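K.L.:
If you scroll down you'll find the structure; I have some questions about it.
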Amino acid sequence: MGLIVQKFGGTSVADADRIRNVARIITDTYKQGNSVVAVLSAQGDTTDDLIAKAGEINPNASKREMDMLLSTGEQISCALCAMAIEAMGFPVVSLTGWQAGVRTNSAYGDARIKHINGERILTELDKRSIVIVTGFQGINKCDDVTTLGRGGSDTSAVALAAALHADLCQIYTDVEGVYTADPRCVKGAQKLPEITYDEMLELATLGAQVLHNRSVEMAKRYNVNLEVLSSFSGKPGTKVKEVVKAMEKTQVSGVAKDKNIGRLALVGLADQPGIAFKIFSLLAKNRINVDIILQSIGRGNTKDISFTVSRPELLRAKTILEEYRESIGFDHIDVSENIAKVSIVGAGMVNNPGVASMMFEALYVGGINIQMISTSEIKVSVLVDVTEADRAVQLIHDRFFGEHMLG
Ligand code: ADP
Ligand code: ASP
Ligand code: MG
């Protein structure tokens, strides 16, 4: 018996039957004597539909009004789920982000949770009510509604689990846990019984959407006992924790893919000190995150610098750099959207120098050209042509997890 936070994603609450199924999971947990806080996403494609609806009215709508609109999706699913639980005869209350005390900064559309005042939730739990909270939203210092960025309900759940000192945070989704690669796209993907926070954070950041990366960061910071599992199968899922038993054995835990990136290349820069500083300090000042960076060897007196940014930042980055063309001093900028990042992640690779070469071998055998490479202690990422990305993931996955690797 304890306090359990359970989060249900969009597919898990997509229609009336699924909402009843979720209500059953919640009330079963409650019947075992636990206090339950459930965090829900909007139903199915509701958030995408709301974005499209806004586009019909005003494609340049302010971020504040977008948040006002998008936050409604989660209110619908929470109210409906509370109604289902009421119908089953259990005490229940649904709360919006502001009613639940979720305070954020003012970055509409990508707000960070600053603080949760859990008083209202605790009062309801003391009355033995089940509490349903809207994911993905909070309020800022002006009492305006904010949203946390796409996929942000995971972060709402983990933040609530941390603030309420919950014994467990369960993320219920439409697959049975965290796999060695996206099980919907990669043949032979295997469910991981457990994974470290660090590896999960890398996988999530590198494109495995099963968890919002900020939720993993927060789970690590507050040592939240986290589990990813299916709302459909009832099978044990994946535990995300600080240390896992099998850590020494596996070199690679998973393969991830990110198509939501773009590449900029500044061609014809002067080959002299201070150029990289000028470029990247300008981007940092404009809060543009840069990922993989590659500088060519100088040719004559010039060199090129290429780097990747997230796709939505691509044009903004280009515009800003072009404004400063004179002072940075370059010939022209090349922009490419036809790229994808494919990565392997594993805590065990730091002591195994052969891991990166196995990945490159798989790409070589498949005739896939690597455009850029970046490594850290627990990951290797490569950029490939976007049309090759799915095949690259499958080839790399086969190399590390294929049948010939078993036993
Ligand atoms: P929810 O709506 O429940 O938040 P998401 O769609 O955000 O669900 O995340 C679940 C999806 O993440 C899965 O359906 C799967 O296609 C995808 N996914 C990508 N990489 C992985 C992975 N390594 N393990 C499990 N699922 C993954
Ligand atoms: N409904 C939001 C989205 O679709 C948040 C979430 O589901 O986590 O991004
Ligand atoms: Mg999600």
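K.L.:
Amide H of Ile261: which non-local residues (sequence gap of 5 or more, or other chain) have their own amide H closer than 5 Å, using H built in the peptide plane?
P.N.:
Those qualifying (amide H under 5 Å, at least 5 residues apart or on another chain) are Arg311.
K.L.:
Over region 41-196, with every protein chain in place, what whole percent of the accessible area is carbon and sulfur at 1.4 Å, could you tell me?
P.N.:
Values: 3710 of 7100 Å².
Here carbon and sulfur together make up 52 percent of the probe-accessible area.
K.L.:
Can I ask one more? About its Cα centre, what dipole magnitude does region 247-402 give when the only charges are +1 on Lys and Arg Cβ and -1 on Asp and Glu Cβ, stated in debye to the nearest 20?
P.N.:
Dipole magnitude for region 247-402 comes out near 260 debye.
K.L.:
Sort 275-282, 190-197 by packing, meaning the average of other beta carbons within 10 Å per residue, with the highest value first. Numbers along the way, then the final one.
P.N.:
Working: 275-282: 15.1, 190-197: 20.2.
Descending packing order for the listed peptides: 190-197, 275-282.
K.L.:
Taking a cut-off of 17 Å between Cα atoms, list the lysines near Lys127, but don't count ones fewer than 8 places away on the same chain.
P.N.:
Within reach: Lys31.
K.L.:
Right, another one. Amide H neighbours of Val133 under 5 Å, counting only residues 5+ apart in sequence or on other chains, H built in-plane at 1.01 Å?
P.N.:
It is Ala38, Val39, Leu40, Leu95, by chain and number.
K.L.:
Taking only C-alpha pairs under 8 Å that are 6+ residues apart, what is the relative contact order of the chain in percent? Walk me through the intermediate numbers first.
P.N.:
Numbers: 874 pairs, mean separation 54.0, N = 407.
The value is 13 percent.
K.L.:
Under the definition of Cα pairs under 8 Å and six or more residues apart, what whole-number percent is the relative contact order of region 204-309?
P.N.:
Details: 108 pairs, mean separation 24.0, N = 106.
For region 204-309, the relative contact order is 23 percent.
K.L.:
So which aspartates and glutamates pass the test for Lys259, namely a Cα distance under 15 Å, with those fewer than 8 places away in the same chain ruled out?
P.N.:
Asp182, Asp291, Glu313, Glu337, Asp385, Glu388, Asp390
K.L.:
Rounded to the nearest 5, what % of DSSP beta bridges with both residues in the chain are antiparallel?
P.N.:
DSSP beta bridges in the chain are roughly 60 percent antiparallel.
K.L.:
Any idea of the accessible area per residue across region 247-402, 1.4 Å probe, to the nearest Å²? Don't skip to the end; give the middle numbers.
P.N.:
On the way: 7800 Å² over 156 residues.
Averaged over the residues of region 247-402, the accessible area is 50 Å².
K.L.:
Evaluate E = 1/(1 + (r/R0)^6) for Ile57 and Glu322, where r is the Cβ-Cβ distance and R0 equals 30 Å; express this FRET efficiency to the nearest 0.05. Don't skip to the end; give the middle numbers.
P.N.:
Numbers: r = 31 Å, r/R0 = 1.05.
Once rounded, the FRET efficiency stands at 0.45.
K.L.:
With θ taken as phi - 60° and the coefficients 6.51, -1.76 and 1.60, list the Karplus ³J(HN,Hα) couplings across region 340-351 in order, rounded to whole Hz; mark glycine and proline as x.
P.N.:
Computed from phi, the couplings for region 340-351 are 9, 9, 10, 9, 10, 10, x, 5, x, 7, 4, 9 Hz.
K.L.:
Give, rounded to the nearest 20 debye, the magnitude of the charge dipole that the chain has about its Cα centre when Lys and Arg contribute +1 at Cβ and Asp and Glu contribute -1 at Cβ.
P.N.:
Values: 43 positive and 48 negative charges, 120 e Å.
Using Cβ point charges on Lys, Arg, Asp and Glu, the chain gives about 580 debye.
K.L.:
In addition: For the ranges 199-206, 45-52, what's the packing order if you count other beta-carbon atoms within 10 Å of each residue, average per peptide, and put the highest first? Intermediate results must be reported in sequence, preceding the final value.
P.N.:
Values: 199-206: 24.8, 45-52: 15.5.
Final packing ranking: 199-206, 45-52.
K.L.:
Using the alpha-carbon atoms, what tilt in degrees (0 to 90, nearest 10) does helix 63-87 show relative to the longest principal axis of the chain?
P.N.:
40 degrees
K.L.:
Oh, and also: Let me check I've understood the local charge: for Ala87, count other residues with C-beta under 12 angstrom from its C-beta, Lys and Arg +1, Asp and Glu -1. What total comes out?
P.N.:
On the way: positive: Arg20, Arg24; negative: Glu86.
That works out to +1.
K.L.:
Where the only charges are on Cβ atoms (+1 Lys, Arg; -1 Asp, Glu), what is the dipole of region 3-241 about its Cα centre, to the nearest 20 debye? Walk me through the intermediate numbers first.
P.N.:
Working: 25 positive and 28 negative charges, 83 e Å.
Its charge dipole is roughly 400 debye.
K.L.:
Would you mind pulling out the separation of the Cα centroids of region 200-222 and region 332-350, in Å?
P.N.:
That distance is 17 Å.
K.L.:
Per-residue counts of other Cβ atoms within 10 Å, averaged by peptide: what ranking do you get for 230-238, 178-186, highest first? Could the numbers behind the result be given before it?
P.N.:
Values: 230-238: 16.1, 178-186: 20.1.
For the peptides 230-238, 178-186, the packing ranking is 178-186, 230-238.
K.L.:
Here's another thing I want to ask about it. What percentage of the solvent-accessible surface of region 247-402, computed with a 1.4 Å probe over protein heavy atoms, is contributed by carbon and sulfur atoms?
P.N.:
The computed percentage sits at 50.
K.L.:
If you don't mind, another one. Kindly write out, for region 150-157 in residue order, the coupling ³J(HN,Hα) from the Karplus curve 6.51 cos²θ - 1.76 cosθ + 1.60 (θ = phi - 60°), rounded to whole Hz, with x marking Gly and Pro.
P.N.:
So the Karplus estimates, Gly and Pro as x, are 4, x, x, 5, 4, 5, 4, 5 Hz.
The values are calculated or read from the model by the stated rules, or taken from the named source; none is laboratory data. If you're wondering where the values come from, they're calculated on a predicted model, not measured in any experiment. Cβ: placed from backbone, ideal geometry, glycine included. Neighbour counts: every protein chain shown. Heavy atoms of the whole protein, side chains included, go into the accessibility calculation; ligands, DNA and RNA do not. Shrake-Rupley method; radii C 1.70, N 1.55, O 1.52, S 1.80 Å.
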